[in-house]
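S.K.: Supplied in structure tokens, the structure appears directly below.
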Amino acid sequence: MDQKKRLLDGMRGRINESVLDAMSRVPRELFVPEQLRDRAYEDTPLPIGLGQTISAPHMVAIMSDLLDVRPGMKILEVGGGSGYHAAVLAALTGPQGRVYSVERMADLAAAARRNLRAAGIENVTVVEGDGSLGLPEHAPYDRISVAASAPKIPEPLKEQLQVGGKMVLPVGGGSQELILVTRKNGLLAEEKMGVIFVPLIGKEGFGERQI
Ligand code: SAM
């Protein structure tokens, strides 16, 4: 059995089949540095340069599962990194949907665009910028996924979430919680599990000097 199949089979029963199917269609080896390709299907975060990481597959699976993405949705991802999680979200929303992925580091944003192109994924737009402010020009979003931890839920992200929409994000400094936010009449925030993410650095995140 190959490593990818073993990894995804290990999540079966805990993660929705649609998420496992999307992950089976995205080649994670194209999103990690070349010298780490043989480790692409280990269930671990891997360094992607500039002190940043591609999240572990189980974390991408859990966050995508919590978001309950349906075909055709418009999704905002904050903290694009390698572009891998954006690719999985893109596979879930399908050709009628779109993912906007914001990354603050120009070199990582450029690498993410290259990786997505190499993987043949066309429904992701990578934007360089401070994702703690969201991306107002394409708001509101059906789903928002944040891959870096904020001190609190950024106000602009709450505002840019569609009514009926869902957002998943890590919150906290030392100890972090993964939060699922559902917007109905008001906002419902549910703590899901303890996690470890890099800090969200920006106006509505941690300041450069706070980390
Ligand atoms: N989702 C990514 C992937 O699949 O490779 C992993 C992301 S990594 C855990 C977190 C990323 O968030 C880093 O690339 C970091 O540069 C980025 N980041 C931190 N603060 C940010 C901000 N305010 N806006 C956009 N990106 C930010």
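The values are calculated or read from the model by the stated rules, or taken from the named source; none is laboratory data. In this text the structure is predicted, and so the values were computed from the model without any measurement. Here Cβ is always computed from backbone atoms with ideal geometry, including for glycine, and neighbour counts include all displayed protein chains. The accessibility values were calculated without ligands, DNA or RNA, using every heavy atom of the protein model including side chains. Shrake-Rupley method; radii C 1.70, N 1.55, O 1.52, S 1.80 Å.
S.K.: Determine whether Ala110 is modelled with pLDDT of 95 or more, open to solvent by 10 Å² or more (accessible area, probe 1.4 Å) and outside any strand (DSSP E or B).
M.R.: Answer is yes for this residue.
S.K.: Give the residues of the stretch 180-198 that are open to solvent by less than 30 Å² (accessible area, probe 1.4 Å), among the hydrophobic types (A, V, I, L, M, F, W, C) and either in contact with an Asp or Glu (Cβ under 9 Å, 6 or more places away or on another chain) or over 18 Å from Ile144 (Cα atoms) (or both), sorted by residue number.
M.R.: Once the filter is applied, which keeps residues that are open to solvent by less than 30 Å² (accessible area, probe 1.4 Å), among the hydrophobic types (A, V, I, L, M, F, W, C) and either in contact with an Asp or Glu (Cβ under 9 Å, 6 or more places away or on another chain) or over 18 Å from Ile144 (Cα atoms) (or both), the stretch 180-198 yields Leu180, Val181, Val195.
S.K.: Can you tell me how many residues in the stretch 67-93 are over 23 Å from Asp130 (Cβ atoms) and over 12 Å from the mean Cα position of the chain (by Cα)?
M.R.: Residues that pass the stated criteria total 9.
S.K.: Right, another one. Hey, could you check the stretch 6-40 for residues that are outside any helix (DSSP H, G or I) and open to solvent by 50 Å² or more (accessible area, probe 1.4 Å) and say which is nearest to Leu66 (Cα to Cα)?
M.R.: Across the stretch 6-40, the extreme among qualifying residues is Asn16.
S.K.: Out of the residues in the stretch 149-166 meeting the condition of being open to solvent by less than 10 Å² (accessible area, probe 1.4 Å) and in contact (Cβ under 8 Å) with a residue 40 or more places away in the chain, tell me which one is nearest to Ala61 (Cα to Cα).
M.R.: Ser149
S.K.: I'm told Ile201 meets every condition in (1) in contact (Cβ under 8 Å) with a residue 12 or more places away in the chain; (2) exposed (fewer than 15 other Cβ atoms within 10 Å of the Cβ); (3) not hydroxyl-bearing (Ser, Thr, Tyr) except one. Can you identify the failing condition by its number?
M.R.: Exception for Ile201: condition (2).
S.K.: Restricted to the stretch 44-91, and to residues that are more than 14 Å from the ligand (Cβ to nearest atom) and outside any strand (DSSP E or B), which residue is nearest to Lys4 (Cα to Cα)?
M.R.: Asp65
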